[in-house]
Structure formats: C-alpha cells, structure tokens
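Peer 1: Sharing a structure, written as structure tokens. Questions coming.
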Amino acid sequence: MAVEKNQDVDPDRVEGSAKNLGGKIKEGAGKLLGDEKLKNEGRVDQVKGKVQNAVGSVKDALKGK
C-alpha cells in the first residue's frame, strides 16, 4: 500500500512538527532521568522545530496555500 504525500503542505512544516515533538519527548526523558543536558537539548530541538514550522508556513503563504 503506497502512502500518498500531501502536496499542499510544505515539507518544512512536517519536519518542524516532528522536531518539535521529538524535542518534547527528549525534554521529558531528561526530566524523568534528571539529565539536565538531555532536557536542554530537547528544549533546543523544540525551538528549532517551531522555527522550521514557521518557515514552512511562510512558504505556504507565499504559494497561496
């Protein structure tokens, strides 16, 4: 079964959302384990994901989507 890619959404939005989610998981793991470095890496990943998602949103807006 083939998965059809959604052509309406910029790939940066998808990747940004994935980074953000991964960062939340990483931050949670850092909190659970008491690992400040892991927690901070998760926060950084979340910010990167939010920025990438915003870039994708701007691209979509410029395309008129």
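The values are calculated or read from the model by the stated rules, or taken from the named source; none is laboratory data. Not measured: the values here are computed from a predicted model. In this analysis, Cβ positions are derived from the backbone assuming ideal geometry, glycine residues included, and neighbour counts consider all displayed protein chains. SASA here: full protein model, heavy atoms, side chains in, ligands and nucleic acids out. Shrake-Rupley method; radii C 1.70, N 1.55, O 1.52, S 1.80 Å.
Peer 1: Inside the stretch 29-65, can you point out the residues that are of a type in the set (D, E, K, R) and modelled with pLDDT of 95 or more?
Peer 2: Those that are of a type in the set (D, E, K, R) and modelled with pLDDT of 95 or more: Lys31, Asp35, Glu36, Lys37, Lys39, Glu41, Arg43, Asp45, Lys48, Lys50.
Peer 1: Right, another one. Going by the structure shown, is Leu21 at pLDDT 90 or above, open to solvent by 70 Å² or more (accessible area, probe 1.4 Å) and not aromatic (Phe, Trp, Tyr)?
Peer 2: yes
Peer 1: Open to solvent by less than 90 Å² (accessible area, probe 1.4 Å), in a helix (DSSP H, G or I) and at pLDDT 95 or above: does that describe Lys26?
Peer 2: Here the answer is yes, as Lys26 does meet what is asked.
Peer 1: Show the residue pairs that are 6+ apart or on different chains and have beta-carbon atoms under 8 Å apart, the first residue being within the stretch 22-46 and under 20 Å from Asp12 (Cα atoms), the second being open to solvent by 60 Å² or more (accessible area, probe 1.4 Å) and among the hydrophobic types (A, V, I, L, M, F, W, C).
Peer 2: Going by the 8 Å Cβ cut-off, the qualifying pairs are Gly23/Val44; Gly23/Val47; Gly42/Ile25.
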